[in-house]
1. Name the one entry in B:Ser48, B:Ser90 that is in contact with a Pro (Cβ under 7 Å, 6 or more places away or on another chain) and touching a residue at least 12 places away in the same chain (Cβ under 8 Å).
2. So, in region A:179-195, how many residues would count as being assigned to a strand (DSSP E or B) and within 14 Å of another protein chain (Cβ to nearest Cβ)?
3. Counting only residues that are within 21 Å of B:Gly93 (Cβ to Cβ), surrounded by fewer than 17 Cβ atoms within 10 Å (Cβ to Cβ) and within 12 Å of the chain's Cα centre (by Cα), how many does region B:22-60 have?
4. Does region B:54-95 hold any residues that are part of a loop (DSSP other than H, G, I, E, B) and under 20 Å from A:Asp143 (Cα atoms), and which are they?
5. How many of the residues making up region A:92-127 are among the basic types (Lys, Arg) and under 18 Å from A:Ile64 (Cβ atoms)?
6. Residues in region A:64-93 that are within 14 Å of chain B (Cβ to nearest Cβ), part of a helix (DSSP H, G or I) and surrounded by 16 or more Cβ atoms within 10 Å (Cβ to Cβ): how many?
7. I'd like to verify a number: residues in region B:26-53 that are among the hydrophobic types (A, V, I, L, M, F, W, C) and modelled with pLDDT of 95 or more, how many?
8. Can you name the number of the only condition in (1) crowded, with 16+ Cβ neighbours inside 10 Å; (2) charged (D, E, K, R); (3) under 20 Å from the mean Cα position of the chain (by Cα) that A:Asp11 fails?
Amino acid sequence: MSITCSPLLIDRNSTSSRYYEELIKGKIPAIIIPNFLSSIICQKLVRNIITSKTSRGCGITQKIGESVNSYISKKIQYFKKTKLTNKHLRNIFSDIDPRETMLNQISKTFKKKIKFADENSMLYSEGIIRLHIPGESVYIHRDNASFDASDFLISKLSGQLSAVLHLQSCESGGELVIFNKFWNIDDEKFRNPGFGYSRDIVSETPYTSIRCNQGDLVIINPNKYHSVNMIRGRLKRITLGFFFASSSESSFRAWS
Amino acid sequence: MVDIIWGTVTKILSKKTFEMNVTHQKEENSGNYSENEIIEFTETDIMSIPVDENFRDIMQLEQSLGDKFIKCDILSRNEQHQLVCKVSHSGAGGY
């Protein structure tokens, strides 16, 4: 496999509605804002996270927050559980809330308003913290709420992107690998029963590899196949992420 | 233990039957299953499919099941050689 074009590195003041189009059309594999959050703040947040209760989820052994795809046929449970975990997340981020900083940055970078989504006055999960333990990797997958979560209102939004803030880097490994291939409905025959897709789906596909650098904010089009390499060393790879998509010409809604 | 197969729905045939392309099978399955099977479903966890068959229509089933990767818990084979199954979502293609 060959390596495809590099991610676009921008600073916090760089704004353009063109960025969104380029990610949606797959012209760039990712947008990275390096050092979006300082190491001191990241470490402070990590101290709160590692002493908090985690749960197991779809494709991950430790997480805080909910993911719609773990509740595809259990919508009521999703919103019930989300009510609790949103409180849990608010407690973890009671001093500094990086989600606010992320939302403000996304709004500025893409020139659109953004807020977390709700359905019938019930809030969607306001982000998810993923703790990837050493020895763990994330299998090849794509994230597509329009197809997977058709019973949820967020499936009606268009142009889904993913924002991930790296809170703790692992010692080695843990790179995010983005393949230059969009998911197609015919690919469903390559699905794994548990999570993700067979590796055959991306054989010979060019890819980009992104290191997990503490404090970096990474925005990708998750409808392109992606995976996370095995985490090596003693430290967990800790990220905070959510999806966002267009609800109108001028606004986004976010969820996880 | 019931036999389990996984695959994608290729065609809706009626309010309770569809064609399926079988891509995965449980290793411990006792029966043999073809690459293409016709499924009669008695139960499903897919929320948008009404439990009562009389409230279903083909278009609605196409939207809910068409091209989806699903899991079938096999209960029996009926007289038409169709697999009678409990149908559910299977894992996730992503987060």
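The values are calculated or read from the model by the stated rules, or taken from the named source; none is laboratory data. All values derive from a computational prediction rather than experimental measurement. We place every Cβ from the backbone using ideal geometry, glycine too, and count neighbours over all the protein chains shown.
1. None of the other options fit; the residue is B:Ser90.
2. Number satisfying all stated conditions: 5.
3. Of the residues in region B:22-60, 1 are within 21 Å of B:Gly93 (Cβ to Cβ), surrounded by fewer than 17 Cβ atoms within 10 Å (Cβ to Cβ) and within 12 Å of the chain's Cα centre (by Cα).
4. Selection gives B:Gly66, B:Asp67, B:Lys68, B:Ser90, B:Gly91, B:Gly93, B:Gly94, B:Tyr95.
5. 1
6. Number of matching residues: 7.
7. 3
8. Condition not satisfied by A:Asp11: (1).
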